[in-house]
1. Which residue, of A:Val24, A:Val92, A:Val72, is modelled with pLDDT of 90 or more, at negative phi and outside any helix (DSSP H, G or I)?
2. Yes or no: the stretch A:91-98 includes at least one residue that is touching a strand residue (DSSP E or B) at 6+ places or on another chain (Cβ under 7 Å), within 30 Å of B:Ser252 (Cα to Cα) and away from chain B (no Cβ under 11 Å).
3. Those residues that are over 24 Å from A:Val87 (Cα atoms) and free of Cβ contacts under 8 Å to residues at least 24 places away in the same chain, I need them from the stretch A:10-26; list them, please.
4. Just to verify a result, which residue in the stretch A:165-187, among those that are surrounded by fewer than 11 Cβ atoms within 10 Å (Cβ to Cβ), more than 12 Å from chain B (Cβ to nearest Cβ) and not small (Gly, Ala, Ser), is nearest to A:Leu204 (Cα to Cα)?
5. Tally up the residues in the stretch A:18-77 that are within 14 Å of another protein chain (Cβ to nearest Cβ) and either of a type in the set (Lys, Arg) or under 34 Å from the mean Cα position of the chain (by Cα) (or both), please.
6. Which of the residues spanning the stretch B:255-271 are basic (Lys, Arg) and more than 9 Å from chain A (Cβ to nearest Cβ)?
7. How many residues are in contact with a Leu (Cβ under 8 Å, 6 or more places away or on another chain) and either closer than 21 Å to A:Ala181 by Cβ or within 11 Å of chain A (Cβ to nearest Cβ) (or both) if we restrict to the stretch B:5-49?
Amino acid sequence: MLDTLHPVQTPEGVDLNLRAAGPVPRALAWGVDALLRAALLAAAGLGLLAFGAAGMGVLFIVTFLVWWFYPVLFEVLGRGATPGKRVMGLEVVHEDGTPVGWPASLLRNLLRVVDFLPFLYVAGLCTMLIDASFRRLGDLAAGTLVVYAERVHAASAEVPSVAPLAPPIPLTLDEQRAVIAFAERAPFLSPARVAELAAIAEPLAENRADAVERLMRMAAWLVGRTG
Amino acid sequence: MKQQQFEQRGRPRWQEFEALLGRLEAGGRSEAPDYPFRYRRICQDLALARDRRFSRSLVEQLNDLALRGHRSLYRARRGSLRELGAFVGRDFPRAVRAEWRLVLFVTLLFYGSAGVLAGAVQFEPELVYSFLEPGSVAQLEEMYDPAGARVGVAPDAQEDLARFGYYIWNNVSIAFRTFAAGLLFGAGTLFIVTFNAVYLGLVLGHLTQIGFGEPIRTFVIAHGAFELTAILFCGVAGMRLGLSLLSPGGRSRRLALREDAHRALPLVYGSALMLLLAAAIEAFWSPLPLAASVKYGVGAVLWTLLLLYLLLAGRPRAN
C-alpha cells in the first residue's frame, strides 16, 4: 500500500501501525508555535521590563527557556505535543511508539538548529523527503517520530443488512475481503460506479441485472450474518 | 469465526479496555493489576482480525486500542531529584572520562590556537584588527582599563542580575549550538571551538600587550574554569556526533548517529549545569574589586576542584 504507516513490533507479537505526519502539517504546527512563542515573549517583555534591571535579567532567562525548552517541556510533560502540534493533531513519540522522554525530546530539539540550516528548515525538509517516515535530522538522532495522534475513523462502514446468500463458488480470503470491502463502500459511491465494480466480479455477478444486490447479500453471508 | 461473531464476542472486552485506558491516561494508577493481561488480549484480537482479513475499520479500531495500550504500558519513568544527584556525583564525570581522547583533542585545539594567537599579537599588534572591529576593540579596552570603575563590566552595563540572565542566555545557547553543529560531520563544532579560541587568544593577547593584562586575567580566571570547560565539553559532544557519521564502525550511520547522540547527551546536560554556575560567578564574583592575589587564589582553587572532580568523582570503589 502506498501509505505512510510506520510499523512497530511489540513484545506482545503484533505489529502496531503509526501514521507518520508529513512536512505540511508539521510546518503549520511550527508556525502556530512560533506565533505563540512570540506572544509569550512579548507579554513577558512588557511585564518584566517594568522592574528595571532585575526584570531584564529574568527576561533573559525567560527568553532562554522559551527559545530552547518550549518544545521540550510541552513534548515531555504535555503528552507529546506542543500547542501547535496539538492544534494540528500531531504527537511526538519514540520510534517504538512509546511516549517521548526527556533525552529524546531534548536531542531532537537541540538539533533543530542544524535542521533549520541554511534557512527555514531546508536541511530538515530534505531529510524528511528522503526518509520514509518523514524524520528530520533531529528525529533521526533522537529516534523519534512525529505521528498523527487522533485517528480519523473511516466513516463507520458496515455491510448493509440484507438476506445473506452463499457465494456460488468458494472464495479465497482476499476475494472474500474484496467482496466485503465492496459492500462496505458501496453507499459512498455513485450507482453507476457500483454497477461497474460489481460487473468486474463476473463469476459472482454472472452478468445478471441484480448483480449488485447479490454481491451485497454474499458480503452479508461472508461476515457471518444469519437469516 | 466470522467477523460478526468475532465483533459480538470481543466488543464488551474492547469497551472495557477502552474505559480502563481512559482512566489510566487521566493519571490513574494501580487500579488494574491485570492490565498487562487485558492488553495482551487486545493484541491477540488485533492479530486475529488482521490474519483473517476482517474489515479495515475493525482492524484500525483494534490497532488504535492496542497502540494506546502499548503507550500506557511502556510509558517512560519520570526523573527524580535523586537521579540528578547521581548524575552530578557519578554519571557526568564518568561520561567525561569515557571521552578522554576527544576531551584532550578539543582542549589542545582550543588552548593551542588561543595561545598561538595571544603570542602572535605580542609581535604583530595589528593582528587583532584583522579579526575584530576597531569599535569592539575600543570597547574591550574600556572594559578592562585598570583605571575604570568596574573591571570586566562595560561602563554602561546593567546591574549584576541583568548580566546573570544575559550570561545564561548567551553562554548556554553557544554551548547548545556547539553541540548541534557537530551534526555537520563535526565541521560546525570545530569551527565554533576554533572561532572562540581565536577570539579569546586575540583579546587576551591584545589587552596584555597594551598593559591591561592583569584586569582581564583576574576577571576571567574564576568563572573561566566552568565556562570554558563547559563549552569544550559541548565541543566534545559535538565531535562525538560528527564522528558517528564519519566513522560509524560496524554500525549503519543511522544507528551510529542515534546511539552516539544519546551517549553524548550527558556531556550536554553537565555543560549546561556548569554554565549556570559560571554565569553566577561571572555576574556576582568576577567584577568585585578585590586584590589580584585573592582573585588568582580563588581561581586556582576552583580550577583545582573542578579538575579533581572530573578526574576522581564517580570512580568505582576499589575492593
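The values are calculated or read from the model by the stated rules, or taken from the named source; none is laboratory data. Remember, predicted model here, so these are calculated numbers, not experimental data. Here Cβ is always computed from backbone atoms with ideal geometry, including for glycine, and neighbour counts include all displayed protein chains.
1. Values: A:Val24 fails: outside any helix (DSSP H, G or I); A:Val72 fails: outside any helix (DSSP H, G or I).
Of A:Val24, A:Val92, A:Val72, the one residue that is modelled with pLDDT of 90 or more, at negative phi and outside any helix (DSSP H, G or I) is A:Val92.
2. Looking only at the stretch A:91-98, we keep the residues that are touching a strand residue (DSSP E or B) at 6+ places or on another chain (Cβ under 7 Å), and these are A:91-97.
After this cut, where a residue has to be within 30 Å of B:Ser252 (Cα to Cα) as well, the list is A:91-97.
Now drop any that are not away from chain B (no Cβ under 11 Å), which leaves A:92.
Yes, the stretch A:91-98 contains at least one residue that is touching a strand residue (DSSP E or B) at 6+ places or on another chain (Cβ under 7 Å), within 30 Å of B:Ser252 (Cα to Cα) and away from chain B (no Cβ under 11 Å).
3. As a first pass, look at the stretch A:10-26 and keep what is over 24 Å from A:Val87 (Cα atoms): A:10-16.
Of everything in the stretch A:10-26, those that are over 24 Å from A:Val87 (Cα atoms) and free of Cβ contacts under 8 Å to residues at least 24 places away in the same chain turn out to be A:Pro11, A:Glu12, A:Gly13, A:Val14, A:Asp15.
4. Start the filter on the stretch A:165-187 by keeping residues that are surrounded by fewer than 11 Cβ atoms within 10 Å (Cβ to Cβ), which leaves A:166, A:169-170, A:172-174.
Those left that are additionally more than 12 Å from chain B (Cβ to nearest Cβ): A:166, A:169-170.
Of the ones still in play, those that are also not small (Gly, Ala, Ser) are A:169-170.
Details: A:Ile169: 8, A:Pro170: 10 Å.
Only one residue fits best here, namely A:Ile169.
5. So the answer is 19.
6. Within the stretch B:255-271, the first condition is being basic (Lys, Arg), and the residues that meet it are B:258, B:263.
Hit for the stretch B:255-271 is B:Arg263, nothing else.
7. Number of matching residues: 8.
So that you can scan it fast, the table gives a plain yes or no per residue for (1) within 30 Å of A:Ala142 (Cα to Cα); (2) more than 16 Å from the chain's Cα centre (by Cα); (3) buried (at least 24 other Cβ atoms within 10 Å of the Cβ):
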site: B:Phe226; (1), (2), (3): yes, no, yes
site: B:Thr229; (1), (2), (3): yes, no, no
site: B:Gly242; (1), (2), (3): yes, no, no
site: B:Gly249; (1), (2), (3): yes, yes, no
site: B:Leu265; (1), (2), (3): yes, no, no
site: B:Leu277; (1), (2), (3): yes, no, no
site: B:Pro289; (1), (2), (3): no, yes, no
site: B:Tyr296; (1), (2), (3): no, yes, no
